[in-house]
Amino acid sequence: MSSLNIVNGKLWTGSGFVDAGISIVDDWIAKIGKGPTLPKAERVLNAKGKFVFPGFVDVHTHLRDADYSYKEHFRSGTSAAVAGGFTTVLDMPNTSPPITNAQALKRRIRSAQGKIFCDVGFYGSTNSVEITRELANAGCIAFKAYLHKTINGVSFTSDEYIETLAMAAKKFHRVVCFHAEDRKYLGRTEPKTAKDHLLTHPPKAEVSAIAKLIKIAKKTGAKVHVCHLSTKDGLNLIKKAKRNTDITCEATPHHLLLTESLLTKLGGLAVVEPPLRSKEDVATIVKGIADGSVEIIATDHAPHSLKEKLGKNPRPGFPGLETAAGVLMTLVSKGIIPMGGIVSALTTNPARRFSLHAGKLAQGERANVTILDPQKKWKIDPSKFYSKAKYSPFDGMEVQGRIMATIVGGKVVFEDGQIISEPAGKVVLGKQIRS
């Protein structure tokens, strides 16, 4: 039996901070209370002057591995996660091989065992009802549909396919998530430059897709989730639909801060899907986090090799796990977004939406904890990332708020800038479906 006490910190309660400590026994929270009331422990972690949060949850990561191990693998990706304060991440299915059937999911779960520093759940992608059932029974947390491209023969080119997946997701008690870009508005050829990429992914592609998803969500009653929202008009549609539709959305740190003007400076390094947008779009998404209409923040951590980013047809995406906390807490320190909006979007909201046993500090909960120094200022330096992707659109930015320690299953896995333990994460499985 192992034991750990966290003392002298300011614990986040969901509505504010309290001065309290946490007693952890093995991988569970045994007690929350004032320091003198906690039982003795093998180790005491002094969090004086630090914020103690529920472990951050990221419902949108790409851990790569397998054929894409040259971009990222389970150890490097989850090392990046805990360095960024994330104790639970959900891995997207557009891997190689992709997670489009139960056999592929089972292989991926086996491959992850013993290599993950944080807890990891997995998505599946299919347009077949029967395979949806099989994926659910194999443990997938949620389903993902890419409206703008085909993955291993899985395509959502018709409303019928989208509706089929939505109905199956409802039947099997899963959230169905969408990359919301209507392919009829996308460019017909692969973009060769960063500017080409922006022009071939216009805002109307996202807005059209969201309008379609709202209709299908209303018709099916499914739990629909829109990934990486980027447009003002898209958010306005979702806000209106929330009155009678079970629909949520997420925003990324890069869509909360960066604009399309960065493409001129960084070129392929700033290419992402959906693209960086206008100042007006950014301001609207920021307001959405502040007022709760955007419920979740997700990094869309999407590492590629530097060669893939700097060459012709730059691959979309960049690493985000290690920069998110600093970027977001800087927005808090500047009074742009309230603390409650950021923390809820990183903890309780994603956990609740995806039915995860995570996102809160309470007796009997798994001991996943993030400790952050709110006063620490630092400069983002991609060369020091744990991720294999040593680049970032935030390169050189000074931010305020740094992760002091990340605790997964009661083990301090990251502290003072270093991974200090063996992998402590577990695979998170969705509930099986009764026949």
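Points worth noting:
- Cα gyration tensor shape for the range 60-158, rounded if a/c is under 1.5, else prolate or oblate: prolate
- Relative contact order computed over the range 139-295 (Cα-Cα under 8 Å; 6+ residues apart), in percent: 21
- Cα-Cα over 18 Å, subset of K171/K223; K215/K431; K242/K431: K215/K431; K242/K431
- Folded to 0 to 90 degrees: helix 159-171 orientation relative to the chain principal axis, Cα: 30
- Karplus 3J(HN,Hα) series, Hz, for the range 196-204 with 6.51 cos²θ - 1.76 cosθ + 1.60 (x for Gly, Pro): 4, 4, 4, 5, 8, 10, x, x, 5
- Residue-averaged [θ]222 nm for the chain, counting only DSSP H segments that reach four residues, each worth -39500 (n - 2.57): -8500 deg cm²/dmol
- The chain, relative contact order [Cα under 8 Å, separation at least 6], %: 21
- Rounded to whole numbers, the Karplus 3J(HN,Hα) couplings from phi for the range 414-427 are 9, 8, 6, x, 10, 6, 10, 9, 6, x, 10, x, 10, 7 Hz, using 6.51 cos²θ - 1.76 cosθ + 1.60 with θ = phi - 60°, and x at Gly and Pro.
- Amide H contacts of H301 (H built 1.01 Å from N, in plane; Pro and chain starts excluded): H62, G320 sit under 5 Å, all sequence-distant by 5 or more or on other chains.
- Rel. contact order, % - alpha carbon contacts under 8 angstrom, at least six apart, the range 90-175: 30
- The long axis of helix 102-112 is offset from the longest Cα principal axis of the chain by roughly 40 degrees.
- Separation of the range 236-296 from the range 360-435 is 23 Å, based on Cα centroids.
- Distant-in-sequence amide contacts of T248, defined by a placed amide H-H separation under 5 Å and a gap of 5 or more residues or a different chain, comprise V224, H225, V226.
- Peptide ranges 261-269, 135-143 listed from the most packed, as the mean C-beta count within 10 angstrom indicates: 135-143, 261-269
- Distances between placed amide hydrogens fall under 5 Å for V427 paired with V120, all partners being 5 or more residues away or on another chain.
- Cα-derived Rg over Rh, computed across the chain with Rh taken as Kirkwood radius: 0.95
- In straight-distance terms, cross-link reach from K239 covers every one of the aspartates and glutamates whose alpha-carbon lies under 13 Å from its own, apart from those fewer than eight places away in the same chain; here that gives E250, D291, E295.
- Here K71 is the anchor, and the aspartates and glutamates within straight C-alpha reach of less than 13 Å, apart from those fewer than 8 places off in the same chain, are E308.
- Global form of the range 207-299, assessed from the alpha-carbon gyration tensor, a/c cut-off 1.5: prolate
- Flagged links, alpha-carbon separation over 30 Å, of K50/K426; K40/K388; K144/K312; K312/K384: K40/K388
- The angle between the Cα long axis of helix 279-291 and the main principal axis of the chain comes to about 50°, on a 0 to 90 degree scale.
Any read-out appearing in this document is the output of simple, stated calculations on the displayed coordinates, not a laboratory observation. Here the structure is a predicted model, which is why all the values come from computation and not from measurement. Don't worry about glycine lacking a Cβ; one is built from the backbone with ideal geometry, like all the others, and counts go over all protein chains shown.
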